[in-house]
Amino acid sequence: MRPNSLHLARDNLYTDPVVVLIYFLAFTGGFVIMSLELLGGRVLAPYFGSSIYVWGSIISVFMLSLAVGYLLGGKLSVRRPNMRRFGVIFFCGAVMLYPLILFSEPAMQWVFTRIEDPRFGSLVAALFLFTVPTIILGMISPYSVRLLVNTVEHSGQVAGRLYFVSTLGSAIGTLMTSFYFVLWFEINTILTGLTAALVLMACLALIASRGRTDTSGELKPSATQIT
Amino acid sequence: MLLTCLGLTCLAGPGLALGAEILHKERSLYSNVMVTRAGNTLCLLFNVRSNRRNQSCMDTKYPKKMIFAYTKMSMVSLLFAPDPQHILVIGLGGGTLPTAFNQLYPQARIDVVEIDPAVTRVARDYFAFNPTSHVKVFDQDARVWTKRANLLDRRYDIIILDAFNGEYIPEHLMTQQYLEETKSLLTANGVLVANTFSISDLYDHESATYAAVFGKFINFKIPESANRMVVVPGKSVPEEQLLTRANALRNTLAPYNVPIRRYSRILIRQRDRRPDWDPAARPLTDQFAPANLLQSQ
């Protein structure tokens, strides 16, 4: 690939596998976020019920965490954005998500015995359980914008496409989880699957970065090296 | 209307009989609550279009008279716990059961858990349900309430599970863990009666869940009702004793229209019956509870 075609290539969905990969990673990020949010309702129900306020707690915590994640992801993308760091975000997401399987019971038990009002009980429990993984997952979107945008005139288009794929991922994650996953698997199995998906995405990003980072760490797309 | 009532599924029931007058209609946080009257029959309905029997009715002329089979069937609990001191009812509805228990055993403490305050209001305003120092209503989610009741070491001689939402029993109230939490609220000789009417796959999973928690239970069914009552006696009561108790209760329960002697005979016949569900069905747990998806499978 000619060096001067770099900018155009990065916006080209059809010719550069790394571009496709970044969109795919954003899609998976959206998928995992909403799947996790839906499972959150199931995780909290044994301790706090499934009333509207439990969903209120979960949605608030997810929105707040995503908001913080957007800020942090944007901040992180300023200096030397590259695929390796992008992969590290996914890896951290996986590392923070997996403890849900191990510690959600004792954490909820702890909250349950201290807070009697199930509104605030569910809010505190949701904060404990979902804040950190969701913040990390929220970093994916702004970071992927930075990886893909090279020109000011295309920035809106790229951001629009990213919102599209990640929100599409969210919609599909919501549907798959609520329609099928809960029918096929146990909650912890689904959480393990989500963790595995994040690890896999991290690996894909790292493989892509190995193929194409130079000493500056800057992304250098090249179709031949990846395929 | 008559036609729909001939089959197994007398769907709308008297609540939506032709010419029923709507006395109250309210969209609460949890369901659409409606009170109707047709002649002397006052009914509480939770979802107009729902084809399930999630309603409660009262005869205003004979308020004690129980109208629905599942309410009458719940009274078999008295055969196993003849002198209850503490009674727990999950799901208030029109308050038929707590009211009856209170009339029969004025000294007993009755706790009722009802998630929807609108239902409690309607039961009080239209169905003569009367919370007193002995009859307490907790407007809480039953799962949350049960967990806390365990922390407070509450114990009950009779527990009735009768909580329904617009669809069926809420999923987190059908799991093995929930039933275990409920089981530990029972006194040594306490009896649990659960009202169910699941069909298809859910019937197998639901039954397997009860079996996993309680071992053997009585699958109490009567021909004129599609409801299945899960009856879990604290200890096995000999046949003679059940019949004696039924005889003793006969007159007391007559105004409630509960044919307790017939029920006791049916129970005795059914208690040694083999399971009529797939024993390999997977119990529902907090981890695996696609209950209301299974209902429609």
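The values are calculated or read from the model by the stated rules, or taken from the named source; none is laboratory data. All values reported here derive from a predicted model rather than from experimental measurement. Here the Cβ is made from the backbone with ideal geometry for all residues, glycine too, and neighbour counts use every protein chain on show.
Can you spot a residue in the stretch B:207-218 that is aromatic (Phe, Trp, Tyr), in contact with a Gly (Cβ under 9 Å, 6 or more places away or on another chain) and away from chain A (no Cβ under 14 Å)?
no
I need the full set of residues from the stretch B:242-262 which are among the aliphatic types (A, V, I, L, M) and either surrounded by 15 or more Cβ atoms within 10 Å (Cβ to Cβ) or within 19 Å of the chain's Cα centre (by Cα) (or both), in order please.
B:Leu242, B:Leu243, B:Ala246, B:Leu249, B:Leu253, B:Val258, B:Ile260
Give the stretch B:149-180 a look and list any residue that's more than 24 Å from B:Pro275 (Cβ to Cβ), among the acidic types (Asp, Glu) and at pLDDT 95 or above, or say none.
Hits for the stretch B:149-180 are B:Asp153, B:Asp157.
Name the single residue that is nearest to B:Ala289 (Cα to Cα) among those in the stretch B:133-148 being within 14 Å of another protein chain (Cβ to nearest Cβ) and outside any helix (DSSP H, G or I).
That would be B:Asp141.
With the requirement that a residue be of a type outside the set (A, V, I, L, M), more than 11 Å from chain B (Cβ to nearest Cβ) and closer than 25 Å to B:Arg282 by Cβ, what does the stretch A:184-203 give you?
Result: A:Thr192, A:Gly193, A:Thr195.
Across the stretch A:79-103, what is the number of residues that are touching a residue at least 24 places away in the same chain (Cβ under 8 Å) and in a loop (DSSP other than H, G, I, E, B)?
Of the residues in that region, 4 qualify.
List the residue pairs whose Cβ atoms are under 7 Å apart, where the first residue sits in the stretch B:55-74 and is touching a residue at least 12 places away in the same chain (Cβ under 8 Å), the second is surrounded by fewer than 23 Cβ atoms within 10 Å (Cβ to Cβ) and among the acidic types (Asp, Glu), and the two are 6 or more positions apart or on different chains.
Listed pairs, sorted by first residue: B:Lys65/B:Asp59; B:Ile67/B:Asp59; B:Ala69/B:Glu224.
Among the residues in the stretch B:263-271, are any closer than 18 Å to B:Ala212 by Cα and surrounded by fewer than 16 Cβ atoms within 10 Å (Cβ to Cβ)?
No.
Across the stretch A:47-68, which residue is surrounded by the fewest Cβ atoms within 10 Å (Cβ to Cβ) among those that are without any contact (Cβ under 8 Å) to a residue 60 or more places away in the chain and either out of contact with any Asp or Glu (no Cβ under 8 Å at 6 or more places or on another chain) or under 16 Å from B:Phe288 (Cα atoms) (or both)?
A:Ile52
Looking at the stretch B:149-174, which of the residues that are assigned to a helix (DSSP H, G or I) and buried (at least 18 other Cβ atoms within 10 Å of the Cβ) is nearest to the other protein chains (Cβ to nearest Cβ)?
B:His172
Which of the residues spanning the stretch A:105-150 are of a type in the set (Gly, Ala, Ser) and closer than 23 Å to A:Met201 by Cβ?
A:Gly138, A:Ser141, A:Ser144
From the list B:Arg245, B:Arg282, B:Arg274, pick out the single residue that is in contact (Cβ under 8 Å) with a residue 12 or more places away in the chain and away from every other protein chain (no Cβ under 14 Å).
It is B:Arg245.
Please identify the pairs in which a residue from the stretch B:21-40 that is more than 14 Å from every other protein chain (Cβ to nearest Cβ) has its Cβ atom under 7 Å from the Cβ atom of a residue that is basic (Lys, Arg), counting only partners at least 6 apart or on another chain.
Close Cβ pairs satisfying both conditions: B:Glu21/B:Arg37; B:Leu23/B:Arg37; B:Met34/B:Lys25; B:Asn40/B:Lys61.
Looking at (1) within 28 Å of A:Ser144 (Cβ to Cβ); (2) surrounded by 18 or more Cβ atoms within 10 Å (Cβ to Cβ); (3) within 14 Å of another protein chain (Cβ to nearest Cβ), find the lone condition where A:Ile101 falls short.
All conditions are met except number (2).
Look through A:Phe181, A:Phe130 and report the one residue that is surrounded by 17 or more Cβ atoms within 10 Å (Cβ to Cβ), outside any strand (DSSP E or B) and either within 14 Å of another protein chain (Cβ to nearest Cβ) or among the acidic types (Asp, Glu) (or both).
Residue meeting the stated conditions: A:Phe181.
Failed condition for B:Leu42, given (1) crowded, with 23+ Cβ neighbours inside 10 Å; (2) within 18 Å of the chain's Cα centre (by Cα), with all others met?
Exception for B:Leu42: condition (2).
Can you give me the number of residues within the stretch B:91-123 that are of a type outside the set (Gly, Ala, Ser), more than 12 Å from B:Lys136 (Cα to Cα) and touching a residue at least 12 places away in the same chain (Cβ under 8 Å)?
Selection size over the stretch B:91-123: 13.
From the residues in the stretch A:152-178 that are touching a residue at least 12 places away in the same chain (Cβ under 8 Å) and of a type in the set (S, T, N, Q), which one is farthest from the other protein chains (Cβ to nearest Cβ)?
The selected residue is A:Gln157.
Inside the stretch B:92-132, can you point out the residues that are within 14 Å of chain A (Cβ to nearest Cβ), in a loop (DSSP other than H, G, I, E, B) and not aliphatic (A, V, I, L, M)?
Passing the criteria: B:Glu114, B:Asp116.
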